[in-house]
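Participant: The structure that follows is given in the form of structure tokens.
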Amino acid sequence: MSFLAQRPMPYCRGCGHGLVARRLDEALGRLGLDPKRVVLTTDIGCVGLVDPLFPALHTVHTIHGRSTAVAAGAVLADALCAEGGLTNVVMLGDGGATIGLLHLTQAALMNVDLTVLLHNNMLYGMTGGQHSALTPEGFRTSTTLAGNWLPALDLEQVLRGCHGGFYARQLATDRELAGVIAEAIAYPGFALVEILELCTGFGVPLNALDGKALRAAAAAEGRALGVRIRRTDRHPYHALYRERFPVRAEAPPPAPAAPAGPFAHRLARPLGVVVAGSAGERVQTAAAVLAQAAVLSGLHCVQKNDYPVTVGSGFSLSEVKLAPAPILYTGIDAPDAVLLVSADGLREVRGRGDLDRQAPDGVVIVDESLAGELPPGRALAAPLRRALPADAAALGAVALLVARTGLLAREALLAAVDAIGGKDAGALRAAVETGAALGA
């Protein structure tokens, strides 16, 4: 069984990342794992482009260096609070490993049952070929053109110092790589496979490297290949936890009651709302006001904000899911309402396919400047940016939605503004009143 999508690899020609993806696919097939119980957690960088290649698996794309910590939390939550049996594979590069080094060492110390595949091409490939803590001495990068002055961090020794349970080092071209990955995944505890590979964009031209030279360089540094650590004297963390805190047989807890709130609502089923605009125009504040108003109205609520890969570009989209019952699935497969307050927001939503997935009876509210971008009759156009400051247009759209649908009381929005608005509460209240008037 193959888990890998039949699509072109998103990497430079000859990049080792594609080889690792194929060997991971082979390892998962050998183990016969249920794809519904496999999670692929990826880091920032070229390695993070792997997510769409495994559509049958659950994928989580994290911020830089945090992939191991996120995966450890997921594994422990599943093992201790759910039915267990989740397999989590982390894929990261030089940046994820060194920025998140303490996350790696802590997961090794705890012996959390997850597998880390470290793509070590000895430099930062996505951002221009700069040197990293894994760059060998003498290796040329865009920031060490005369050769790196410092020795590379030896992750084998780091893992030994952290009582790591399983560590292996392989080349991306090694035939046995798939078997080693499968062995690491099957290991009951923390496992790290360091995979030495070539960055054909920077490492190869700057160092005249090929596969034979890479193997020779590893040997010259004393970095032997193969499985280097495999301990059988350690139990995974969740097993140690259960020894100390055994589960007692108790009567099942009563079903959670809906949260009490001072305001009424008219929601009979889950409702998903997407708010999209421009970075810096308080899109997420508008979504937070809607979420807080929902809680004050006795509803369950989840808010999820976008976090761009480039981080510094700002936030322009937020999802809010409301429901009269506990929310067990936080995703919004088909949004019931889409609020678009700028051209940036429209581009973002189109890129995500929200409008294509929306039900025919869904609500679309757009600023009047965007009315011509959508089919006639598809959206309710309103002068949001003309009637309100740019940084209040998103909240005005939220108030308009509430006024047109009646799902919440306007007073709930105003109370939410008072609760979270701080020094800007006055301006936010004005935005609610103006948006509500547009929807009257």
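The values are calculated or read from the model by the stated rules, or taken from the named source; none is laboratory data. Small disclaimer: the values here were computed from a predicted structure and weren't measured. Positions of Cβ are generated from backbone atoms using ideal geometry, with glycine treated the same way; all protein chains shown enter the neighbour counts.
Participant: Would segment 282-304 turn up any residue that is at pLDDT below 90 and either in contact with a Gly (Cβ under 6 Å, 6 or more places away or on another chain) or not assigned by TED's automatic domain parsing to the domain that holds P389 (or both)?
Facilitator: No - not one qualifying residue is present in segment 282-304.
Participant: Tell me whether segment 197-209 contains one or more residues that are in a helix (DSSP H, G or I), on the phi < 0 side of the Ramachandran plot and in contact with a Phe, Trp or Tyr (Cβ under 7 Å, 6 or more places away or on another chain). Break it down stepwise before answering.
Facilitator: As a first pass, look at segment 197-209 and keep what is in a helix (DSSP H, G or I): 203-207.
Those left that are additionally on the phi < 0 side of the Ramachandran plot: 203-207.
Of the ones still in play, those that are also in contact with a Phe, Trp or Tyr (Cβ under 7 Å, 6 or more places away or on another chain) are 207.
Yes, some residue in segment 197-209 is in a helix (DSSP H, G or I), on the phi < 0 side of the Ramachandran plot and in contact with a Phe, Trp or Tyr (Cβ under 7 Å, 6 or more places away or on another chain).
Participant: Please go through segment 1-39 and give me each residue that is in contact (Cβ under 8 Å) with a residue 12 or more places away in the chain, under 21 Å from M122 (Cα atoms) and crowded, with 19+ Cβ neighbours inside 10 Å, ordered by number.
Facilitator: Result: Y11, C15, G16, H17, L19, V20, A21, R23, L24.
Participant: Is it the case that segment 386-394 has a residue that's buried (at least 17 other Cβ atoms within 10 Å of the Cβ), in the same structural domain as V349 (by TED's automatic domain parsing), of a type outside the set (K, R) and under 27 Å from A334 (Cβ atoms)?
Facilitator: Yes, that holds for at least one residue.
Participant: Just to confirm my filter: which strands (runs of 3 or more DSSP E) fall fully inside segment 7-109 and include at least 2 residues that are over 26 Å from D174 (Cα atoms) and either in the same structural domain as V180 (by TED's automatic domain parsing) or modelled with pLDDT under 95 (or both)?
Facilitator: 58-61
Participant: Does A213 fit the bill of being free of Cβ contacts under 8 Å to residues at least 24 places away in the same chain and either out of contact with any strand residue (DSSP E or B) (no Cβ under 8 Å at 6 or more places or on another chain) or closer than 17 Å to V20 by Cα (or both)?
Facilitator: Judged against the criteria, A213 is a match.
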